[in-house]
Amino acid sequence: MAFRHAAYYLAFLAGQEKALKGIGQEAALAVIDLEIANVRHAWAWAVAELEAGNQAAVALMATALESLYLYYALRSWYQEGADVFAQAATAVSITLPNNYLFRGELLARQAHCLEFTAPSDQALDLYQESLACFNTAAAEREMALPL
């Protein structure tokens, strides 16, 4: 049951990405606002599953990552964003240390959130770490955020 819940709400969140980046932004934010408790629960479940060694959780998280990041940024919920991306990045580092692409994406988003809540050197260090991950993964396009 928990897997279906997480899959549903993370897919729901991923489905809002286009609207979050465009003309439907306000409507997408309002829809997510109504379901944010379920989204939080789904993301936390996926992180816990990853920590337990369930690598399938990465696919669920990856689909929703950009929308979750946009939501936190647009709502200025930077501390919560930094916290959830840090937890996920730690889980990936432990469970899937060679998944440089996803780890880099999480670190870059955590760093962006920290720009608004922490001393700048913390964000800079995470941006550097994310760039190293992207270099290792040969992911040039993903380097835009940390650069």
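The values are calculated or read from the model by the stated rules, or taken from the named source; none is laboratory data. Owing to the predicted nature of the structure, the values given are computational and were not obtained by experimental measurement. Every residue, glycine as well, gets a Cβ built from its backbone with ideal geometry; the counts of neighbours run over all protein chains shown.
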Just one listed residue, out of PHE102, PHE116, PHE85, PHE12, is free of Cβ contacts under 8 Å to residues at least 40 places away in the same chain, under 20 Å from PRO146 (Cα atoms) and hydrophobic (A, V, I, L, M, F, W, C), and it is PHE85
Could you please find all residues in segment 1-25 being under 18 Å from TYR69 (Cβ atoms), part of a helix (DSSP H, G or I) and more than 17 Å from the chain's Cα centre (by Cα)?
ALA19, GLN25
Name the one entry in GLU35, GLU51, GLU17 that is touching a residue at least 12 places away in the same chain (Cβ under 8 Å), charged (D, E, K, R), touching a helix residue (DSSP H, G or I) at 6+ places or on another chain (Cβ under 9 Å) and closer than 21 Å to THR95 by Cα.
GLU51
Of LEU106, LEU60, LEU68, LEU50, which residue is outside the structural domain of LEU29 (by TED's automatic domain parsing), crowded, with 16+ Cβ neighbours inside 10 Å and part of a helix (DSSP H, G or I)?
LEU106
When you check ALA123 against the structure, is it farther than 21 Å from LEU20 by Cα, more than 14 Å from the chain's Cα centre (by Cα) and buried (at least 20 other Cβ atoms within 10 Å of the Cβ), yes or no?
yes
